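Enquirer: Take this structure, written in structure tokens, and hold onto it; I'll ask about it next.
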Amino acid sequence: MILSAIRLSHLLPQRAQRRRARGFTLIELLVVMAILALLIGLVGPNVMKQFGSAKSKTAATQISEIDKALEIFRLDTGRYPSTAEGLQALVTQPGSVSGWNGPYLKGGLPNDPWGNPYRYANPGPNGGIEILSLGGDNAPGGDGENADQRNRQ
């Protein structure tokens, strides 16, 4: 009886060591997965909102750069490009323009952050020139990431 008690006490630490070496229990894994799912549910929408606003800010910055290039084009040629010439006049010289000293945009004419070309009108709806991105939905109007971005004329 004493011998079996000694053997039993000797086995308990080995069993505990083997149990620790086996890994995590199913309940422990489920708890960790629940915590991760909760964090993703709380943090994910905020990250996506920031990502969407980053695209809108990028569009506003690109429109501002195109607007500056159009001003330099006007200083060199005495006029803005016509609607028919479009923004491509900032990259390649239109045939009827004298004094062109471009290209006015390094790296060519960019698309908006959603992959669509910027729209240009001269004269725009309010007079002056208009540079427009229709946002993520590529349709007039919209809110948030789908809101139109335009130059301030």
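Enquirer: Does any residue in the stretch 51-76 that is touching a residue at least 24 places away in the same chain (Cβ under 8 Å) and closer than 12 Å to Tyr118 by Cα come within less than 7 Å, Cβ to Cβ, of a residue that is among the basic types (Lys, Arg) and buried (at least 16 other Cβ atoms within 10 Å of the Cβ) six or more places away or on a different chain, and which pairs are these?
Expert: The qualifying pairs are Ile63/Arg150.
Enquirer: Something else about it: If I ask for residues that are over 18 Å from Gly86 (Cβ atoms) and surrounded by 13 or more Cβ atoms within 10 Å (Cβ to Cβ), which ones from the stretch 128-147 would you list?
Expert: Once the filter is applied, which keeps residues that are over 18 Å from Gly86 (Cβ atoms) and surrounded by 13 or more Cβ atoms within 10 Å (Cβ to Cβ), the stretch 128-147 yields Gly135, Gly136, Asp137, Gly142, Glu145, Asn146, Ala147.
Enquirer: Another question, then. For the stretch 106-113, check the following and say yes or no: at least one residue is among the polar types (S, T, N, Q) and in a loop (DSSP other than H, G, I, E, B).
Expert: Scanning the stretch 106-113 turns up no residue that is among the polar types (S, T, N, Q) and in a loop (DSSP other than H, G, I, E, B).
Enquirer: Can we say Thr83 is of a type in the set (Val, Ile, Thr), closer than 30 Å to Gly144 by Cβ and under 24 Å from the mean Cα position of the chain (by Cα)?
Expert: no
Enquirer: Hey, among Ser64, Ser82, which residue is open to solvent by less than 60 Å² (accessible area, probe 1.4 Å), in a helix (DSSP H, G or I), hydroxyl-bearing (Ser, Thr, Tyr) and closer than 23 Å to Asn122 by Cα?
Expert: Answer to the selection: Ser64.
Enquirer: Ok, one more. When both residues are 6+ apart or on different chains and their Cβ atoms are under 6 Å apart, which pairs have a first residue that lies in the stretch 121-147 and is under 15 Å from Ala59 (Cα atoms), and a second that is of a type in the set (A, V, I, L, M) and assigned to a strand (DSSP E or B)?
Expert: Hits for this filter: Glu130/Ala121.
Enquirer: Working only within the stretch 128-153, note down all residues that are assigned to a loop (DSSP other than H, G, I, E, B) and closer than 19 Å to Arg74 by Cα.
Expert: Listed by number, the residues that qualify are Gly128, Ile129, Asn151, Arg152, Gln153.
Enquirer: Check whether at least one residue in the stretch 33-48 is modelled with pLDDT under 65 and either hydrophobic (A, V, I, L, M, F, W, C) or open to solvent by 80 Å² or more (accessible area, probe 1.4 Å) (or both), and report yes or no.
Expert: no
Enquirer: If we keep just the residues of the stretch 108-127 that are modelled with pLDDT under 85 and among the small types (Gly, Ala, Ser), which is surrounded by the fewest Cβ atoms within 10 Å (Cβ to Cβ)?
Expert: Among residues in the stretch 108-127 that are modelled with pLDDT under 85 and among the small types (Gly, Ala, Ser), the one surrounded by the fewest Cβ atoms within 10 Å (Cβ to Cβ) is Gly127.
Enquirer: Could you list, ordered by first residue, the pairs with Cβ atoms under 7 Å in which the first is in the stretch 89-118 and among the polar types (S, T, N, Q) and the second is surrounded by 19 or more Cβ atoms within 10 Å (Cβ to Cβ) and part of a loop (DSSP other than H, G, I, E, B), at least 6 apart or interchain?
Expert: Correct list of pairs: Asn116/Leu134.
The values are calculated or read from the model by the stated rules, or taken from the named source; none is laboratory data. All values derive from a computational prediction rather than experimental measurement. Glycine gets a Cβ as well: all are built from the backbone with ideal geometry, and neighbour counts include every protein chain shown. Areas reflect the complete protein model, heavy atoms only, side chains present, ligands, DNA and RNA absent. Shrake-Rupley method; radii C 1.70, N 1.55, O 1.52, S 1.80 Å.
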